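To start, the structure under review is shown below, and the notes come after it.
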Amino acid sequence: MFPVTNLNVATAQVSQHPGGVRRVRGNFNGSANSWLWLFDTNGKPLATTAGLLAPTPLYPGAPFFLETELGSLQFYTGLYAAVSSSQETYTAASTQKMDITVELDDPEDPSGNSYAGDTVTGVDSLAVYATTPSTNLYAITVKNNGGSTAYLQLFTASGPAAGSAPYAQWTVTAGQTLNLSFGKQGTHPRTVSENIAGVVTAAEGVYLYGSSTAGTFTATSATQWNIQAEYSAVNG
């Protein structure tokens with residue numbers, strides 16, 4: 001077990017990466033009955049963010065304890081813990097504080113990663129990082145706000161022409177939020193091309209585009225997507 005402790009907080013980012021949680025314990029320092037919510041997210045939870053499981057009641061001055069019954073509770077993006085004044089929907093209670101320790105299956109690894117984009121702003125594409133041989137992609141969170149199924153496409157260079165074939169592609173149904181994880185080692189997209197003079201060029205960037213067609217790029221509306229990506233320079 002790897003405990004992560006936060007003292008006198010109303011919200012706490014426990015993990016920035018996928019993992020599992022075995023138990024949660026702490027003490028509620030607030031003055032009004034509240035609820036502890038856990039979220040599978042990398043960003044600070046919003047009122048519309050779904051909880052990872054049913055909220056745990058918190059009582060003024062009392063300890064709290066939560067333990068999963070069947071192994072660890074898995075989260076696929078990251079983990080946030082937050083105090084809510086409501087049980088039915090998450091309502092931030094910034095003045096109601098807690099001391100909280102969350103026991104994770106594994107330590108935070110990799111650490112010090114960077115993020116591009118966010119899960120709130122409407123976009124049609126996201127430039128994650130430019131061509132570099134020493135950067136890996138670790139995770140993508142994407143939501144399709146359109147009215148029909150569309151496709152998130154990954155290109156290794158910016159500005160793909162209409163009809164271009166992507167390096168990789170994921171289907172995202174209408175209204176769906178898709179969480180993609182590429183493991184602790186990450187992935188390194190790379191394409192190689194050769195011009196008529198025999199000059200070989202490698203493209204190793206990550207550029208994400210929404211497309212209305214599968215297999216070839218067709219631009220979508222300018223605000224159809226929420227996209228966030230996690231990346232980092234490779235150690236060593």
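Listing for the model above:
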{"quantity": "Residue tally, condition more than 18 Å from THR41 (Cβ to Cβ), among the hydrophobic types (A, V, I, L, M, F, W, C) and modelled with pLDDT under 90, over the range 63-115", "calculated": "1"}
{"quantity": "Sole exception among (1) assigned by TED's automatic domain parsing to the domain that holds GLY43; (2) modelled with pLDDT of 90 or more; (3) in a loop (DSSP other than H, G, I, E, B); (4) β-branched (Val, Ile, Thr) for THR121, by number", "calculated": "(1)"}
{"quantity": "Residue, surrounded by the fewest Cβ atoms within 10 Å (Cβ to Cβ), within the range 1-33, restricted to residues that are in a loop (DSSP other than H, G, I, E, B) and in contact with a strand residue (DSSP E or B) (Cβ under 8 Å, 6 or more places away or on another chain)", "calculated": "MET1"}
{"quantity": "Filtered residues of the range 77-93 (kept if surrounded by fewer than 16 Cβ atoms within 10 Å (Cβ to Cβ) and either touching a residue at least 12 places away in the same chain (Cβ under 8 Å) or small (Gly, Ala, Ser) (or both))", "calculated": "SER86, GLN87, THR89, THR91"}
{"quantity": "Unique residue being touching a Lys or Arg at 6+ places or on another chain (Cβ under 9 Å), more than 30 Å from ASP106 (Cα to Cα) and free of Cβ contacts under 8 Å to residues at least 40 places away in the same chain when the list is GLY175, GLY198", "calculated": "GLY175"}
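The values are calculated or read from the model by the stated rules, or taken from the named source; none is laboratory data. What you see is a predicted model, and the numbers here were worked out from it, not measured in a lab. In this analysis, Cβ positions are derived from the backbone assuming ideal geometry, glycine residues included, and neighbour counts consider all displayed protein chains.
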